[in-house]
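Input: a single structure, listed below in structure tokens.
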Amino acid sequence: MQKKNTYPIYFALGALIIYTVLFVLPSIIGIGYSFTDWSSYSDELHFVGLKNFKTVLSADENYMKIIGNTLKFTLITTILKNLIGLILAVVMTKSIKFLNAHRGIMFMPNVLSTLIVGMIFKSILDPVHGLLNNMFRSVGLDMLAKKWLVSSELAFGSVMAVDIWRGVGYIMTILIAGILSISSDYYEASAIDGANGWQKFRYVTLPLLLPTIATTTVLNVIYGLKVFDMVYALTNGGPGKATTEVLYTAVFKRFGTGQYAVGTALSSVMFVIMLIIGGYMIHIMTKDEVVE
Amino acid sequence: MKSKRVLAMILGAAMTVATLAGCGSSAAPAASSTSETKEAASSDEASASDEDVTITFMASQDWVQDAELELGEKFTEETGIKVDYQIIPSDQYENLLLTKLNTGECADIFCGQSSVFSIVSQFDVEKNALDLSGESWAGNVDEAAAYELSVDGKLYGQPIQDVSACWAVAYNRAIFDELGLSIPTNYAEFTAVCDAILAAGKTPIYECVSDTWHHTCWLEGAIAATKADASLPGKLNNNEATFAGNAQLTTLLTQLKEMADKGYWGDNYMSNAYSDTATSMASGEYVMTLYNQGLGTEINAVDPSFDIDNIGYFAIPFCDNQNLNVNPCGPSRFIYSGSKNADAAKKYLEFMASDESLAYMTENVGKFNQLPYKNAPSAYSDVVQDFYDRYPEKIAVFQASVKYFNPQWMEMGTNLSAMFLGEMTPDEVLQDIDKLRAEQAEAASDAAWN
């Protein structure tokens, strides 16, 4: 019999030190820099208090809109990716022909580089020469041919739609794994009790899938808050002033123009928002989860 | 048990040594090649070391012409040095370049839009670029261009483009003749020409907002403000004047918006791409576009039946302007100060500034008629010469004459597109230019702003 059933703490020290030095420390230093006038224009560094945060939260600037865009993007893509992913996962666990081929096709967009997907869709969504509008025109649906990526009204929706198209296959795959891990005993028992398809889904699949949905939600929220490449490739924050600008495209631009301190202040604000959302979400989604 | 521990220690030590040796391997040949150079090693040895060198070259998509890529292949054949061209979409280039410079990870050669102000405030060339004053070609650079690329008498860049070419309205001469139109000499005549073209079922102007930078080039028409008050650039640089409230600049933006609102740019100007200009003009669907001299050659390249001289030019007629806008320098090449391949990069610049290369570029790039080097040939066509002769007065663009203007080129492009979409007014765009200039000046501790 072993006297100790846990490993000593120094086994974890190596990983902890590396994690602290490479992740925790830079984050803390970054927050520290957001209270300075750090920029590429000067080598000198001065403490400026909350000036950068005042700029970020000022009504005269676009930053609040950018934070709002990021949250909107996160909320909508998370809900729709989960919803569509769940529907697809349920369908893709039924006995249908060429099941693996269907699953493969649905997962395929996720294998492609985001930048490539962005460039392909930039071409597909071109108002005049794009595949989508030409398809609408060819079947007489001219009124549906819109300026998808270059009008203030539609650009953000178009970006989110492309992102959902790309990401839904990944979510579907995780949910399929979740559904397949549910014991068939539950379905047999519910069938004996006379449950129909919807009732089986509502009272067996959904509750037992909740931990998996919690996982996909966390993944989607983290992705949504950190989204960069899809927006960068499709609109680069445009058209016009910050129509589709999200946090990381804005931070990238601030670093590009040498305004490091404002960039880090923006990141710090988003870090706090992420912390609150993440903590709250995990608390809510794990308190009622069903344990087999 | 003990022997296992000893074995493990020996293996561990061997791994550590191997890892350290791996880290040092790249430094060793570099050190030896330096000593070889010092000892004037034979050319065979030098070329053998060059064969392993690949220089990285970073530029915006329209700054590296096909002819330069061909010369790059020739350069590799002659020297063994490979060139990795990293061509970045123009709407993303500036952010990426400055991010790379600011994080110390730039390519061996980087390109940048240059002026005596922006090379300091934007690129900080004294820190980020190598002094090229001692290079064999440095004395050949045109004096006006060299001035824009120098700090304290040291030359930091090498011009890429023909700077005699300016942004002007290029027009299809055959369609003008067909519709009985003549070159406009003021804004009213310009709108009349556009209306006539619209009435004929064609789109007057090919404009491409998606690239973010091209529609901003209409602001070269700001020379009208300099024409009205020659002291304006100086006042702007001394923080004694602002963009907002300036009559000519307000008119310029109002007229620019009117172009978009009246449908003179067609329906797809927000999505159009600069790279499609020649194809679009060749189709005959569009009649005019804002371009450098040499568009005829580029259209001819995509449609050989299109006569090169069928494209003529006239000055940007906003604010009734009748003068040529000139930029003494334009995009230029710089060698990154942190480059590990600085010698190879210098060889590339030397190769590009040779008599043969300059002649090749002039011959093969339509818009290059007179590169800014004393050893470059001249190749103006009659149409282009006629255009230059028609406007004897030349005025320097704001890009070159006004501080903190060029660094915000892409922001201005974004604001202008917001103006076209109705999100901003011309006054707000001008106020934003003042605000961004003040921010840059403050960060740079400019005495005029503090």
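Read the figures in this text as sums done on the coordinates, not as results from a lab. These numbers were taken from a predicted model, which means no experiment stands behind them. When we count neighbours, we look across all protein chains shown, and the Cβ atoms used for this are built from the backbone with ideal geometry, even at glycine.
From the square roots a ≥ b ≥ c of the eigenvalues of the alpha-carbon gyration tensor of the stretch B:333-450, which class results: rounded (a/c under 1.5), prolate (a/b over b/c), or oblate? Oblate. Scanning chain A for long hydrophobic helices, with DSSP H runs required to stretch 24 angstrom or more by C-alpha along their axis and to average at least 0.5 on the Kyte-Doolittle scale, returns A:63-91, A:155-180, A:206-225, A:260-287. Counting, for every residue in B:266-273, the Cβ atoms of other protein chains within 10 Å of its Cβ and taking the mean gives 5. Computed about its Cα centre, the charge dipole of the stretch B:362-412 is approximately 220 debye, with only Lys, Arg, Asp and Glu carrying charge at their Cβ.
Of the DSSP H helices in chain B, those with a Cα length along their own long axis of 30 Å or more and a mean Kyte-Doolittle hydropathy reaching 0.5 comprise B:2-25. Considering helices alone, the calculated mean residue ellipticity of the protein assembly as shown at 222 nm is -16500 deg cm²/dmol, with DSSP H runs of length four and up weighted by -39500 (n - 2.57) and normalised per residue.
The residues B:PHE57, B:PHE190, A:PHE228, A:PHE23, when put in order of fewest to most other Cβ atoms within 10 Å, stand as A:PHE23, A:PHE228, B:PHE57, B:PHE190. Neighbour counting of Cβ atoms within 10 Å sorts the residues A:MET64, B:MET424, fewest neighbours leading, into A:MET64, B:MET424. Normalised by 2.2 N^0.38 Å, where N is the number of residues, the alpha-carbon radius of gyration of chain A equals 1.24.
Modelled label positions at B:VAL302 and A:LEU75, each set 7 Å beyond Cα in the direction of Cβ, lie 4.3 nm from each other. Antiparallel versus total DSSP beta bridges in chain B: what percent is that, nearest 5? Of the beta bridges lying entirely in chain B, close to 60 percent run antiparallel. Taken over the stretch A:103-144, the alpha-carbon convex hull comes to 80 cubic angstrom per residue. Once divided by 2.2 N^0.38 Å, the Cα radius of gyration of chain B becomes 1.13.
All other residues whose Cβ lies under 13 angstrom from that of A:ASP60 are scored, Lys and Arg at +1 and Asp and Glu at -1, for a net of 0.
Counting beta carbons within 10 Å around each of A:HIS102, A:HIS46 and listing the fewest first gives the order A:HIS46, A:HIS102. Translational diffusion coefficient of the stretch A:159-218 (Stokes-Einstein, Kirkwood radius from Cα pairs, 20 °C, 1.002 mPa s): 167 µm²/s. For the protein assembly as shown, the Cα-based Rg and Dmax, in that order, read 30.2, 103 Å.
Take the Cα of B:SER378, step 7 Å toward its Cβ, do the same at B:ASP229, and the gap between the two points is 3.7 nm.
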